[in-house]
1. Looking only at residues that are exposed (fewer than 11 other Cβ atoms within 10 Å of the Cβ) and touching a helix residue (DSSP H, G or I) at 6+ places or on another chain (Cβ under 9 Å) in segment 3-47, which one is nearest to residue 69 (Cα to Cα)?
2. Where the second residue is exposed (fewer than 14 other Cβ atoms within 10 Å of the Cβ) and the first is under 10 Å from residue 59 (Cβ atoms) and lies in segment 72-98, which pairs have Cβ atoms under 9 Å and are six or more apart or on separate chains?
3. Identify, please: which residue in segment 1-31 is assigned to a strand (DSSP E or B) and closer than 23 Å to residue 63 by Cβ and is, among those, farthest from the chain's Cα centre (by Cα)?
4. Answer yes or no as to whether residue 75 is at pLDDT below 95 and touching a helix residue (DSSP H, G or I) at 6+ places or on another chain (Cβ under 8 Å).
5. Name the residues in segment 48-72 that are touching a helix residue (DSSP H, G or I) at 6+ places or on another chain (Cβ under 8 Å) and within 20 Å of residue 12 (Cα to Cα), would you?
6. Condition first: farther than 22 Å from residue 3 by Cα and surrounded by fewer than 14 Cβ atoms within 10 Å (Cβ to Cβ). Now tell me which residues in segment 53-65 satisfy that.
7. Please go through segment 46-84 and pick out each residue that is over 12 Å from the mean Cα position of the chain (by Cα) and either in a strand (DSSP E or B) or closer than 18 Å to residue 18 by Cβ (or both).
């Protein structure tokens with residue numbers, strides 16, 4: 001059983017994403033998340049202007065809520081897929097700069 005505790009503040013992970021995009025004038029980003037608290041961040045990625053290239057990736061396991069699956073652009077099946085994705089990304093990004 002999971003009990004989620006949140007401080008009585010009006011902030012969430014989506015607010016953090018928006019603050020980072022604004023502060024660093026980011027033009028793109030990838031957010032990986034696996035639980036209900038990440039849904040706010042996924043929504044923040046999707047609310048960016050078209051000039052921002054963002055991707056919300058849900059990391060799925062047997063405890064993942066439907067909201068994560070619904071709000072994610074794509075899903076990865078567990079930590080193994082995350083490792084493979086990050087390895088692929090590390091290989092492909094330098095190749096794009098050629």
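1. Looking only at segment 3-47, we keep the residues that are exposed (fewer than 11 other Cβ atoms within 10 Å of the Cβ), and these are 3-10, 22-25.
Of the ones still in play, those that are also touching a helix residue (DSSP H, G or I) at 6+ places or on another chain (Cβ under 9 Å) are 4, 6.
Details: 4: 19, 6: 22 Å.
Only one residue fits best here, namely 4.
2. Close Cβ pairs satisfying both conditions: 75/69; 76/84; 77/61; 78/61; 79/61.
3. So the first thing to find is which residues in segment 1-31 are assigned to a strand (DSSP E or B), and the list is 28-31.
Applying the additional criterion that residues be closer than 23 Å to residue 63 by Cβ yields 30-31.
Working: 30: 6, 31: 2 Å.
Within segment 1-31, the match that is farthest from the chain's Cα centre (by Cα) is 30.
4. Judged against the criteria, residue 75 is not a match.
5. As a first pass, look at segment 48-72 and keep what is touching a helix residue (DSSP H, G or I) at 6+ places or on another chain (Cβ under 8 Å): 48, 52, 54-61, 65, 67-68, 71-72.
If the condition is that a residue be touching a helix residue (DSSP H, G or I) at 6+ places or on another chain (Cβ under 8 Å) and within 20 Å of residue 12 (Cα to Cα), then 48, 54, 55, 56, 57, 58, 59, 65, 67, 68, 71, 72 are the ones that fit.
6. Taking segment 53-65 first, the residues farther than 22 Å from residue 3 by Cα are 53-57.
Hit for segment 53-65 is 53, nothing else.
7. Those that are over 12 Å from the mean Cα position of the chain (by Cα) and either in a strand (DSSP E or B) or closer than 18 Å to residue 18 by Cβ (or both): 47, 48, 49, 50, 51, 52, 53, 60, 77.
For every residue, the table says whether it meets (1) in contact (Cβ under 8 Å) with a residue 60 or more places away in the chain; (2) touching a strand residue (DSSP E or B) at 6+ places or on another chain (Cβ under 9 Å); (3) under 23 Å from residue 80 (Cβ atoms).
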position	(1), (2), (3)
10	no, no, no
19	no, no, no
27	no, yes, no
30	no, yes, yes
33	no, yes, yes
41	no, yes, yes
57	no, yes, yes
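The values are calculated or read from the model by the stated rules, or taken from the named source; none is laboratory data. A quick note: this is a predicted structure, and the numbers were derived from the prediction, not measured. Quick reminder, even Gly has a Cβ in these numbers, built from the backbone with ideal geometry, and neighbours come from all protein chains shown.
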